[in-house]
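Everything on this sheet refers to the single structure shown next.
The values are calculated or read from the model by the stated rules, or taken from the named source; none is laboratory data. Computed from a prediction, not measured in an experiment: that's the story for all the values here. We place every Cβ from the backbone using ideal geometry, glycine too, and count neighbours over all the protein chains shown.
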Amino acid sequence: MSLFTEDGTFKAEGLEVESIARGHAELRKVYAMAIARLDTRLFIQNQEVDLLGEDRAKGRCYVEVYSANIGMQRLGFGCCEVEYAKSGDQWKFANRRYFLDVADTDVSLRGTFME
């Protein structure tokens, strides 16, 4: 959770899921659930970050998500849009929005990230 600001958010949107988690307590629950159920592996490509000021930035990356629990089957891929905020001398996620663009798998994402 130390990668997020105290009031940081993670929003997942896509074919089967659309939900948001706010703050460390909700984020911890979401990430724990996803890891326990899927043992996910993320592959991130083309990380871009644009500085908007001394304490703000935004970025985008493309992501593929695989599950070690089901033989590294791909769950989907999409993009992640990020807003960063500087906290002290560290950059943190203020908001992360993951958009599942395409899923060419038989694995349902319902109940894997957020319930």
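Residue count for segment 83-115 satisfying the condition of being at pLDDT 75 or above and under 15 Å from the mean Cα position of the chain (by Cα): 11. When C80 is tested against the conditions (1) crowded, with 16+ Cβ neighbours inside 10 Å; (2) at pLDDT below 85, the lone failure is (2). Listed by first and then second residue, the pairs linking a residue in segment 8-21 that is surrounded by fewer than 18 Cβ atoms within 10 Å (Cβ to Cβ) to a residue that is of a type in the set (D, E) and modelled with pLDDT of 85 or more, with Cβ atoms under 9 Å apart and 6 or more places separating them unless they lie on different chains, are I20/E26.
Beta carbons closer than 8 Å, at least 6 apart along the sequence or on distinct chains, pair a first residue in segment 74-92 that is without any contact (Cβ under 8 Å) to a residue 60 or more places away in the chain and more than 15 Å from G53 (Cβ to Cβ) with a second that is of a type in the set (D, E) and in a strand (DSSP E or B) for R74/E64; F77/E64; F77/D101; C79/D101. When Y31 is tested against (1) surrounded by 13 or more Cβ atoms within 10 Å (Cβ to Cβ); (2) over 11 Å from the mean Cα position of the chain (by Cα); (3) at pLDDT below 90, only condition (2) is not met.
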